[in-house]
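The values are calculated or read from the model by the stated rules, or taken from the named source; none is laboratory data. Computed from a prediction, not measured in an experiment: that's the story for all the values here. Methodologically, a virtual Cβ is constructed for each residue, glycine included, from the backbone with ideal geometry; neighbour enumeration extends over all protein chains shown. Calculation scope for accessible area: heavy atoms of the full protein, side chains included, ligands and nucleic acids excluded. Shrake-Rupley method; radii C 1.70, N 1.55, O 1.52, S 1.80 Å.
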Amino acid sequence: MPQLRLALAQVDACVGDLAGNADLVVEWTRKGVQSGAHLVVFPEMVLTGYPVEDLALRESFAAASRRALDALAGRLVDAGCGDAVVVVGYLDRDAAGPRNAAAVLHGGGVVARYHKHHLPNYGVFDEFRYFVPGDELPIVRVRGLDLGVVICEDIWQDGGPIAALGEAGVDLVLCVNGSPYERSKDDVRRELVARRAAEARAPMAYVNLVGGQDELVFDGDSLVVSADGELLARAPQFVEHLLVLDMDLPAGGHTGSGPIGGFDVRRAVLSEQASAAYEPLPAPPVAEPLPDEAEVWSALVTGLRDYVQKNGFKSVVLGLSGGIDSAVVAALAVDAVGAAAVHGVSMPSQYSSEHSRGDAAELARRTGLHFSVQPIADQVRVFVEQLGLTGLAEENIQARCRGMTLMALSNQHGHLVLATGNKTELAVGYSTIYGDAVGGYAPIKDVPKTLVWQLARWRNAEAEKRGEAPPIPENSISKPPSAELRPGQLDADSLPDYELLDDVLDDYVEGDRGYADLLEAGFAPELVERVLRMVDLAEYKRRQYPPGPKITFKAFGRDRRLPITNGWREHAVG
């Protein structure tokens, strides 16, 4: 059977950086060629980064993307990679409009183009807004083997190009992807790829982006499956990686072309002759998916690291309250950008407890981050006395003084301010707008409170396994959470128990379940009414919250978009 050495380049592209992304393609193609690969495949829109959002509508950007692609084909020859076949995702544009496209490059030119057919328009995706679907289906013969190309959503929908490839006949399907991370998605992907490989009656190679792009995180998790669904190779998550695999493929001598399944199937021949027999490389190890907490932690670190680096920040700053949320964000930041680039600030008021001040200092000692103390009591007193503030207004001015302090340090030193609120607090509005909600990035914005505790315990346990000091003080994990804005204040004074609250929120926010559904699920009417009211009234706060990495099925922001002015309320029927 003909042999083919395949390399899947799981890389971290940056949206809009055409020159940098082209360099990335050349660099990783060279690595593939040095490993002896005949075929090097890159992810969806790797040349432009993904998603490009409204950049897709700019003719100037699309034209620059096409120019970069043409230049890239020549650069690959200059780099000694002209004999390799390279598949690259990019933004195309023709008379019909913008296209989410993949090009097959060889010998200094573009030998085939494929335009994505299924355009997702749900969750974080708005591709109907941006792209025109394609109905041409190129099949390229390389070393006697017929290769088909599809893009991401093309395998998530029944029918379409995969069915057409199966009918026309191919020896290998290449699926290029920009598939964002969410918890436990890797198993779904594997089953999906296996199912589509069976439909195409050919093995499938699936290559995915890795890295962070604003609120999205890409976890890689590239893989290859056989026609009968066997997992042949899998790349590790959250790292750039070149997955190289030798494949023995039965050349089918396929000839199907023309109109097939609603597509115009076109065949191109690059090389008819099969490769001379060679000694295959040892099979690459099949990377095991990360355990849940490790996977989530890696996603948060990746999203934070790339947001900082791709936006040109050299350092970050955050408030350290001694509580669990700021402790977890600090530990994430240290893992993402290093302790030398993390600045933690304790900002005690007259209500801050000694243990909270001590816990903040202890976290700084354990992690090695820069630590300073900036008391806010004098600032608060000026506002309280001048404006005559009492009650909630007095409480919130403390948070706002802390927010102003962090933003002033940001302006002075160029730090990126990290907001430390979690998804549960964001859901119910348990944050102060222009106070603890200020910042440029919110690393745990999509992490429910109960998961914050799980991650803290997991991170400490991992440190102990490595013989390191656990970064998060035990007292920050075990003590009852409190904003400490008034004497003796506890979160439990204003909110239901977090375990119960997160259960309700999971059904209401993630599951979009209504009032009657929540009662049927066993929640008390008083609890449901209370929680739903808090969630609905806090939409204006969420709209103004900083971006943060998506890890759940439905994150606030790109996933869940509700009107701020909204008279609808879930209530009992009848």
Filtered GluC sites (Glu not before Pro), region 199-264: DSSP coil and at most 14 other beta carbons within 10 Å: Glu230
Cα Rg over Rh - region 352-422, Kirkwood: 1.01
Order by protection proxy (mean Cβ within 10 Å, highest first), peptides 492-502, 342-352: 342-352, 492-502
Zone residues, region 432-456, relative to Phe383, backbone N less than 20 Å from point 7 Å out along Cα-to-Cβ: 432-441
Positive-end residue of Phe371, His355, Val316, charge dipole of region 305-374 with Cβ unit charges: Val316
Exposure ranking of Asp23, Asp292 by accessible area [1.4 Å probe, largest first]: Asp23, Asp292
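Report the FRET efficiency, 1/(1 + (r/R0)^6), for Ser60 and Phe128, where r is their Cβ-Cβ distance and R0 is 35 Å, rounded to 0.05. Display every interim value, and only then the final one.
Details: r = 22 Å, r/R0 = 0.64.
Taking R0 as 35 Å, the efficiency between Ser60 and Phe128 is 0.95.
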For region 39-144, size of Cβ-based charge dipole, Lys and Arg +1, Asp and Glu -1, in debye: 240
Rounded accessible area of Ser184 (nearest 10 Å², 1.4 Å probe): 70
Amide H contacts of Arg93 (H built 1.01 Å from N, under 5 Å, at least 5 apart or other chain): Arg99
Local electrostatic count, Val239, Cβ distance below 11 Å [Lys/Arg +1, Asp/Glu -1]: -4
3J(HN,Hα) from dihedral phi, region 297-302, Karplus parametrisation 6.51/-1.76/1.60, rounded to Hz, x for glycine, proline: 4, 4, 5, 5, 5, 4
Percentage relative contact order, the chain, counting C-alpha pairs under 8 Å, at least six apart: 12
Ordering of 187-196, 216-225 by burial proxy (mean other Cβ atoms within 10 Å per residue, highest first): 216-225, 187-196
Amide hydrogen neighbours beyond the local backbone of Arg513, cut-off 5 Å, H modeled: Tyr508
Karplus (6.51, -1.76, 1.60) ³J(HN,Hα), θ = phi - 60°, over region 42-52, in Hz, Gly and Pro reported as x: 10, x, 4, 6, 4, 6, 9, x, 8, x, 8
For the chain: accessible area per residue (Å², 1.4 Å): 40
Pair Gln273, Ala516: separation of 7 Å Cα→Cβ label points (nm): 7.2
Region 444-501, relative contact order in percent, only Cα pairs under 8 angstrom and at least six apart counted: 24
Within the chain, helix-based [θ] at 222 nm, where runs of 4 or more DSSP H residues each add -39,500 (n - 2.57), nearest 500: -11000 deg cm²/dmol
Accessible carbon and sulfur surface of the chain relative to its total accessible area, %, 1.4 Å: 51
Angle between the chain longest axis and helix 525-537 axis [Cα atoms, degrees, rounded to 10]: 70
Calculated from backbone phi, Karplus (6.51, -1.76, 1.60) coupling profile of region 382-392 in Hz, x at Gly/Pro: 4, 5, 4, 6, 5, 9, x, 7, 9, x, 4
Accessible-area value, Met534, 1.4 Å probe, nucleic acids and ligands omitted, Å²: 40
Entry for percent of Cα pairs over 46 Å apart (calculated from the structure that is shown) out of (1) 23; (2) 64; (3) 26: (1)
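Pairs of alpha-carbon atoms within less than 8 angstrom and 6+ residues apart define the contacts here; what relative contact order does region 438-574 have, in percent?
33
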Solvent accessible area, Å² - Thr432, 1.4 Å probe, full protein context: 10
Amide H within-cut-off set for Ser222, under 5 Å, with H built and near neighbours excluded: Asn208, Ala235
Protection proxy ranking of 326-336, 1-11 - average other beta-carbon atoms within 10 Å, highest first: 326-336, 1-11
